[in-house]
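Reviewing the structure listed below.
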Amino acid sequence: MTGFRSLPDRAGQRWRRIFLVLGAVVLVYALAAPLTSLDAAQSAGLPLLADKLWFRIATIIAMFVVMASAWNIIGGLTGYAAFGNVAFFGIGAYTCGMLVARAHWPLFLALTVAPAAAAAFAALIGVPLLRLRGHYFAVASLGVSVAVGEVIQNLEMGSKPVFGGASGLFLPIFRSDYRDLLFFYLMVAAGALTVGITWWVLRSRFGYGLIAIRENEEAASVMGVNTTAYKVAAFALSAALTGLAGGIFAQWNVFINQENVFPIEYNIQMILMALVGGAGTLFGPVAGAVALQLLIQFLSGSLPISADLPFVPADARPIVAQVILGLLLVVTVVFVPRGVIDFFGGQSRFSLSFLRRSLRETSV
């Protein structure tokens, strides 16, 4: 009995079709529901399917779709577990924020520079950083993200903070009757762009090179893959997409500081979302981002159905959420290491022999 199958069986094909249908229904509803808030829809007597709370939660979900799918390019396809991608989110946010608030650039023009700045920084640090492997690379990338946040908060010029310091940076409010609707669709468009780029990468020579690096970097180099160039390009592409999400978040949230654009937990969440859904797949990080962000919102009491959880005190909810996410990570790595999408799609199958082999290989 083997631990994994290479091709889906009939049950797997049936689950795949079910996932596709459910995903299509959820996507259509998510995209159409906000339109019921338009004046024309309300004048026509249509029921309101999306309020301000729904807009905020849906926009956050779309943001994590971008971040998890972007991480998937360097972590899932290339096999380099980056723990510092939140640095690119923060760089994109501050780039957009500074251009809009200080240089008075139009939002959409600033949004073209945010991913470019994040990609340039990733390419700069990627050359030395990507020479490291395994946990050395993970720790180094995490250290870079912490350092970038500290530098942005404490950098001064003439005794004045360059980026707002500990007080943060306030952006002018984007005036529009449909402001929430605009930023929701902007984040959804960024998510669609990220998934589209991942689809292209998976089917391109560049993507095949990344997968070869993930499987065996030395063998890929022998076959003629310029491993350094491929890794840096993947790192920069992942950074650019993450920076785009950061730029949109900056203008949407109006206020940014070190705490809300460089949070360490974002690193963990985007990685967990990709792993739970299926790292290295196209829709795995998307499914993981939607499911886990809904779980996080539920545990935090943000959803109406979870506002009054009798068994979890309000002040203990953040701790309970972190514990549950940690347990979920352990269960995923041990039992379904290729992700839920891959498992229910029939590509992989849990077996006792696989569990015994995993425990034997990971035991001291």
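Readers should treat all values here as calculations from the given coordinates under stated rules, not as data from a laboratory. Not measured: the values here are computed from a predicted model. Here the Cβ is made from the backbone with ideal geometry for all residues, glycine too, and neighbour counts use every protein chain on show.
For region 171-200, the residues whose backbone nitrogen is under 15 Å from a point 7 Å from the Cα of residue 40, taken along Cα to Cβ, are 178.
Of the residues 187, 67, 223, the one with the fewest other Cβ atoms within 10 Å heads the list, and the complete ranking is 223, 187, 67. Rounded to 0.05, the FRET efficiency of the residue 291 and residue 159 pair, given R0 = 56 Å and the Cβ-Cβ distance, is 0.70. In this label model, residue 27 and residue 108 are separated by 2.4 nm, measuring between points 7 Å along each Cα→Cβ vector. Karplus-based coupling profile of region 180-188, in residue order and whole Hz: 4, 5, 4, 6, 5, 5, 5, 5, 5, with θ = phi - 60° in 6.51 cos²θ - 1.76 cosθ + 1.60 and x standing for Gly or Pro. In terms of its C-alpha gyration tensor, region 165-227 comes out oblate, because a/c is 1.5 or above while a/b does not outweigh b/c.
For the pair residue 173 and residue 298, label points projected 7 Å from Cα toward Cβ lie 3.4 nm apart.
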